[in-house]
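Worksheet for the structure shown next.
Bear in mind these aren't lab numbers, they're just calculated from the coordinates by the rules spelled out. Given the structure is predicted, the values throughout are model-derived calculations rather than measurements. Here Cβ is always computed from backbone atoms with ideal geometry, including for glycine, and neighbour counts include all displayed protein chains.
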Protein chains: 2
Amino acid sequence: MNRRAAPYRPRALTPIRRVAGLEYDVLDDLLGYSLRRAQVAMFMAFHEATRGMAITPPRFTALVMIGANPGLSQTVLGNVLGIARSGAMLLTNWFVAEGLVERRHRPDDARAWGLYLTTQGEAMVQRMKRRVVAFDRKRAAVLSTLERRELQRLLAKLAA
Amino acid sequence: MNRRAAPYRPRALTPIRRVAGLEYDVLDDLLGYSLRRAQVAMFMAFHEATRGMAITPPRFTALVMIGANPGLSQTVLGNVLGIARSGAMLLTNWFVAEGLVERRHRPDDARAWGLYLTTQGEAMVQRMKRRVVAFDRKRAAVLSTLERRELQRLLAKLAA
DNA sequence: GGGCTTTGTTATAGACGATTACAATTCCCG
DNA sequence: CGGGAATTGTAATCGTCTATAACAAAGCCC
């Protein structure tokens, strides 16, 4: 089959600093910009939580989704992540090379693979989930529980 | 000076579809994931607003910031965007090649450039701002005015 | 004046994603 | 039921964006 797995080191990122004394003009009024800033902040939390593991947000999402939906196909995985099939395949290749995921043939459709976590993958995902959730909560602690819930509600409404 | 400007076509993007019937596990509880989804939704609005112009969010931010802070240096621009100096320079090269921005020597520091919008750049930014704000508002219209303000507040708190 | 820092630049490399084309399989309709 | 259309995974290639490292010129500071 000769699949290549990408080499893979998640990229470091420069934080977005709010530079004092600068005029931000309409940017402060744009919901899109506010979202971007907040999202970067939460990404820093994610980055901390997964330090040492070679994990990025898409990889995390993929592993969680495979774990929660055993037998997922690569095409659906691509849809979930918002990437093309070819990208979902490269991602899967890496998981397989790392021993986290395995492809199994599906009885119902010989074209598609079913994706499943390995035992090792299962353990890894459990550990990751605990850490990511913990750091997410910790970062979100600047909000009260009520505020956090309200924020979640508004975000869901916006994304619908 | 022999500066190269990148060729430049902003990339198309596959939307993140919420796939019905799939289990999303902890993802639905993570503020980071909710933010990401909402941000992608707003990005679609941005994309629509800037259709036909070769504009991406970082480019938009850069032009607005240069417009609002004439004489900005490339280093500061990089900080604002959260990218390295070298990237700020490539970005600026493109602006200059497009005739939107010009570099002027600064009397106070012969190392740094001061960045300024050209007349054409000024017009372009005004047009862009109107469109982007309009589409941002339109997309945000699923929220009431009160909700929108509350969301902005919570996001700011989170990003601080 | 001399070391350290800052700014812009150049070169290079890597991560990530899109696009296109292809083969195998499945679906669908006439 | 048979053949064209659609779907799935794969491969190859390209483009965009970013970082990193090294350098020269200019400024800073003691």
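Using the alpha-carbon atoms, what tilt in degrees (0 to 90, nearest 10) does helix B:119-139 show relative to the longest principal axis of chain B? Helix B:119-139 sits at roughly 10 degrees to that axis.
Considering only alpha-carbon pairs that sit under 8 angstrom and 6 or more positions apart, the relative contact order computed for chain A is 24 percent. Length gained on full extension, B:GLU102 to B:MET53, computed as 0.36 nm times the residue gap minus the Cα-Cα distance: 15.7 nm. Couplings 3J(HN,Hα) of the range A:140-155, computed from phi: 7, 6, 5, 9, 6, 4, 5, 4, 4, 5, 5, 4, 4, 4, 5, 5 Hz, in residue order, whole Hz [Karplus 6.51 cos²θ - 1.76 cosθ + 1.60, θ = phi - 60°; x for Gly and Pro].
Taking label points 7 Å from Cα along the Cα-to-Cβ direction, B:ALA160 and A:ASP29 give a separation of 2.3 nm.
With respect to chain B, whose longest principal axis is taken over its alpha-carbon atoms, helix B:57-68 is tilted by about 50°.
May I ask for the angle, rounded to the nearest 10°, between helix A:85-98 and the longest principal axis of chain A, with both axes built from Cα atoms and the value confined to 0 to 90°? Helix A:85-98 sits at roughly 70 degrees to that axis. For the range B:16-135, the equivalent ellipsoid derived from the Cα gyration tensor has semi-axes of 34, 18, 10 Å, listed largest first. Taking every lysine pair in the protein assembly as shown that is 8 or more places apart or spans two chains, those with Cα atoms closer than 21 Å amount to 5. Electrostatic bookkeeping for A:GLY67 treats Lys and Arg as +1 and Asp and Glu as -1; over the other residues with beta carbon under 10 Å from its beta carbon, the sum is -2.
Full extension of the chain between B:ARG18 and B:SER86 gives 20.8 nm of extra length, using 0.36 nm per residue less the Cα-Cα distance.
What FRET efficiency do you get for A:ALA134 and B:THR119 if R0 is 51 Å and r is their Cβ-Cβ distance, rounded to the nearest 0.05? Intermediate values should be presented prior to the final figure.
Values: r = 53 Å, r/R0 = 1.04.
That pair, A:ALA134 with B:THR119, gives E of 0.45.
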